[in-house]
1. About the Cα centre, and with charges only on the beta carbon of Lys, Arg (+1) and Asp, Glu (-1), how big is the dipole of region 123-190? Nearest 20 debye, please.
2. Considering only the chain, what is the antiparallel percent among its DSSP beta bridges, to the nearest 5?
3. Specify which residue in the list GLY252, CYS325, PRO264 is farthest towards the positive end of the charge dipole of region 237-326, using unit charges on the beta carbon of Lys, Arg (+1) and Asp, Glu (-1), about the Cα centre.
4. Using only Cα atoms, what Kirkwood radius does region 253-326 have, in angstroms?
5. How many nm separate the modelled label positions at ASP102 and GLN324, each set 7 Å beyond the Cα in the direction of the Cβ?
6. Using Cα-Cα distances under 8 Å and only pairs 6 or more residues apart, what relative contact order does the chain have, in percent?
7. Would you mind putting 90-102, 239-251 in packing order, based on average other-beta-carbon counts within 10 Å, highest first?
8. Just to compare against my own numbers: the Cα pair-distance distribution for the chain, 20 Å bins, whole % per bin, please.
Amino acid sequence: MEAARPLRWGIAGFGWVARDHAAPGMAAAGAELVAVCDPDPAARAAAGAAAGFASLDVMLRDGRLDALYVATPNHLHRDAVERAAEAGVAVLCEKPMAARLDDAEAMARAVRRAGIRYGTAYDQRHHPAHEAMRGMIAEGRLGTVTAIRIVYCCWLASGWSADNWRADRTRAGGGALLDLAPHGLDLVQFLLGERLVEVRALGQHRVQDYAVEDGAVLIARSATGALASLHVAYNHRETLPRRRLEVVGTEGMLVAENTMGQSPGGALTWLDEEGAARVVAVPHGDPFARQMAAFGRHLREGGDGFDLERDLHTERLVHQAMDQCL
Ligand SMILES: NC(=O)c1ccc[n+]([C@@H]2O[C@H](COP(=O)([O-])OP(=O)(O)OC[C@H]3O[C@@H](n4cnc5c(N)ncnc54)[C@H](O)[C@@H]3O)[C@@H](O)[C@H]2O)c1
């Protein structure tokens with residue numbers, strides 16, 4: 001790819017996250033959205049000047065794409081990634097990698113075989129508050145990190161959207177755990193700079209009237225022994241505090257409120273070992289726009305935080321946890 005011209009993106013699945021977050025993020029990163037593929041004509045029409053396709057194969061053949069962003073329902077990620085790999089097009093695929101672990105493993109094989117660049121769209125890595133936290137942890141400002149505690153919850157009723165595939169196990173692969181926990185598990189590993197090696201989970205079907213779990217608690221341990229806990233839920237009123245990330249160390253603590261999610265903003269507080277609290281000033285930055293810019297750098301130069309094998313490891317943790325709460 002020439003460095004001078006804008007990156008040419010295609011999108012498979014032009015629904016909520018693609019329309020409201022990824023496409024604006026591509027524009028903000030100076031890239032061009034040239035084509036979208038979606039079976040829904042209204043979704044294609046929402047893509048403005050980008051060419052609309054009902055067939056992914058035709059789009060991959062005709063779209064002259066540098067990269068494909070995959071934002072279909074989870075069970076369709078595998079097909080889109082395999083087709084892009086066959087066409088030699090780089091992929092940024094939404095989380096979870098797939099509804100089923102064997103699909104994620106097959107995707108990884110296709111990516112390796114084709115030698116394309118691949119990233120999982122863990123946008124929360126690119127939130128400036130999370131980058132600042134990672135830096136402070138690496139500098140030893142918290143001492144030894146003992147635990148990370150995450151609350152990442154929302155309210156998702158069965159009629160949340162016209163076709164609520166998230167409540168359908170076949171298409172989603174699971175409920176609140178499979179949808180929300182990947183972000184937290186990835187973020188913990190990002191903050192610590194090391195892998196989680198063990199995970200346990202309990203799920204619940206307590207409030208919503210669908211078959212997938214509407215809440216779960218996960219606990220996990222990192223390679224060097226830091227512990228993590230995650231409460232994820234679809235049964236949590238959004239009027240109540242529901243997005244919180246705490247890192248506890250022997251010499252202090254970081255508390256991030258409302259930084260987890262798709263949007264910029266939130267607040268970061270650092271507490272020293274005496275408990276004195278200071279607001280940490282974090283530059284404004286849209287996690288999706290920063291993710292798209294980072295993926296552009298990844299295509300040009302490699303690196304910049306995208307790593308198939310790491311993401312496959314995280315996906316295995318997600319599905320291990322899922323298997324425990326079926
Ligand atoms: N990173 C994040 O914060 C975040 C947020 C929301 C969703 N997501 C992920 O993004 C994906 C999409 O979620 P969403 O909320 O945008 O869903 P959505 O239902 O709003 O959109 C999905 C779109 O895919 C289209 N589609 C269905 N079959 C298709 C096919 N065969 N080819 C192409 N398009 C097809 C649908 O018509 C729809 O427009 C999911 O994997 C989800 O987990 C990630």
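The values are calculated or read from the model by the stated rules, or taken from the named source; none is laboratory data. Everything numeric here is computed off the predicted structure, so don't read it as measured data. No Cβ is skipped: glycine too gets one built from the backbone with ideal geometry, and neighbour counts run over all protein chains shown. Ligands, DNA and RNA are excluded from the accessible area calculation, which covers all protein heavy atoms including side chains. Shrake-Rupley method; radii C 1.70, N 1.55, O 1.52, S 1.80 Å.
1. 160
2. So the antiparallel bridges in the chain amount to around 60 percent.
3. Among GLY252, CYS325, PRO264, the one farthest towards the positive end of the dipole of region 237-326 is PRO264.
4. Taking every pair of different Cα atoms in region 253-326, averaging 1/r and inverting gives 15.5 Å.
5. 2.4
6. Result for the chain is 19 percent.
7. Top to bottom by mean Cβ count within 10 Å: 90-102, 239-251.
8. All Cα pairs considered, the percentages come to 32, 59, 8, 0.
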